[in-house]
């Protein structure tokens with residue numbers, strides 16, 4: 001807490017200033033924009049007659065949770081949020097800190113659901129075993145990050161009620177602003193990694209340079225959420241005047257609410273490219289990605305009953321996974337029965353595996 005307050009040197013006009021207009025404008029935009037992109041995402045799935053998957057569900061949930069911080073800010077205006085704290089009655093202080101507590105809890109699930117949506121989108125699109133294992137590892141890390149962030153916010157004071165009763169960082173509370181800075185840095189780094197990881201894979205797509213550039217641009221534009229995270233960190237870094245928190249916390253709060261909202265937009269962008277392609281050019285492109293998984297397996301196929309003796313022909317199929325796949329049909333190590341006047345056929349089929357970009361709109 002500061003020992004002296006600048007409020008004592010303010011004129012009456014400065015003391016009665018109000019940031020409610022700025023709060024309302026930003027909150028409305030940050031509710032409408034992600035909601036619009038989620039609707040466009042669902043429209044894309046409907047146009048493709050494709051069922052929803054986990055990436056769609058998590059995007060919807062992330063959008064709903066992103067409303068939380070903005071709704072809390074709008075509700076806080078009637079309790080003095082956006083005004084100088086010296087102009088508010090004492091009972092409004094308690095209400096404000098309760099809103100602030102709810103604001104911080106709402107932020108965590110929203111930002112984590114955005115990350116899960118990005119991971120699920122890439123898991124659906126890229127059927128590369130090694131890459132999917134990396135994505136599973138990322139999802140485990142994100143889940144642990146969510147638990148850590150939620151516990152730190154919920155139990156930032158012991159007992160919890162001290163958060164809105166003491167108005168200062170007492171001995172049973174830790175500095176949530178400092179923790180927020182650390183968590184913000186981790187969130188920004190995680191977003192950058194998740195959105196930058198698929199770019200090298202995109203350049204392995206069996207498609208033209210133009211399409212590769214378009215797809216790369218889509219994921220690169222999604223990195224704007226990292227820029228928002230950095231701006232939020234700067235706002236928190238400059239946040240010092242906790243004596244006048246109802247006024248000084250407005251801009252850090254706006255950028256905090258913006259991070260999950262812009263994150264929802266970034267998570268939806270890869271699914272919107274086919275929609276705009278169809279709307280603008282009336283056609284779609286479906287690039288194919290080259291893949292070379294290295295493992296082997298044996299499969300067994302059975303033919304329908306043969307017409308002359310009612311027996312089935314059984315074929316052991318050995319599949320060797322490499323750059324090319326070799327399928328060997330026929331019983332190995334023994335003679336197969338050939339009917340009179342029949343023809344024995346041995347066929348070797350070499351198949352080069354291609355993994356499609358698994359978006360039904362492509």
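The values are calculated or read from the model by the stated rules, or taken from the named source; none is laboratory data. Since this is a predicted model, take the numbers as computed values, not measurements. Quick reminder, even Gly has a Cβ in these numbers, built from the backbone with ideal geometry, and neighbours come from all protein chains shown.
Of note:
- Flag: residue 20 matches the condition of being assigned by TED's automatic domain parsing to the domain that holds residue 267 and surrounded by 13 or more Cβ atoms within 10 Å (Cβ to Cβ).
- Of all residues making up segment 188-211, the number that are at pLDDT 85 or above and not in a helix (DSSP H, G or I): 1
- Residues (buried (at least 19 other Cβ atoms within 10 Å of the Cβ) and farther than 30 Å from residue 252 by Cα) located in segment 212-239: 215
- Selection of segment 25-63 for residues being closer than 20 Å to residue 278 by Cβ, more than 18 Å from the chain's Cα centre (by Cα) and without any contact (Cβ under 8 Å) to a residue 12 or more places away in the chain yields 46, 51.
- Unmet requirement for residue 202, which otherwise passes all of (1) surrounded by fewer than 18 Cβ atoms within 10 Å (Cβ to Cβ); (2) touching a strand residue (DSSP E or B) at 6+ places or on another chain (Cβ under 9 Å); (3) without any contact (Cβ under 8 Å) to a residue 40 or more places away in the chain: (1)
- If you go through segment 36-73 and pick out every residue that is buried (at least 17 other Cβ atoms within 10 Å of the Cβ) and closer than 30 Å to residue 18 by Cβ, you end up with 9.
- Where helices (runs of 4 or more DSSP H) fall entirely within segment 2-88, those with at least 2 residues that are at pLDDT 90 or above and within 26 Å of residue 269 (Cβ to Cβ) are at 20-47, 54-77.
- Residue 109 being free of Cβ contacts under 8 Å to residues at least 12 places away in the same chain and more than 28 Å from residue 89 (Cα to Cα): no
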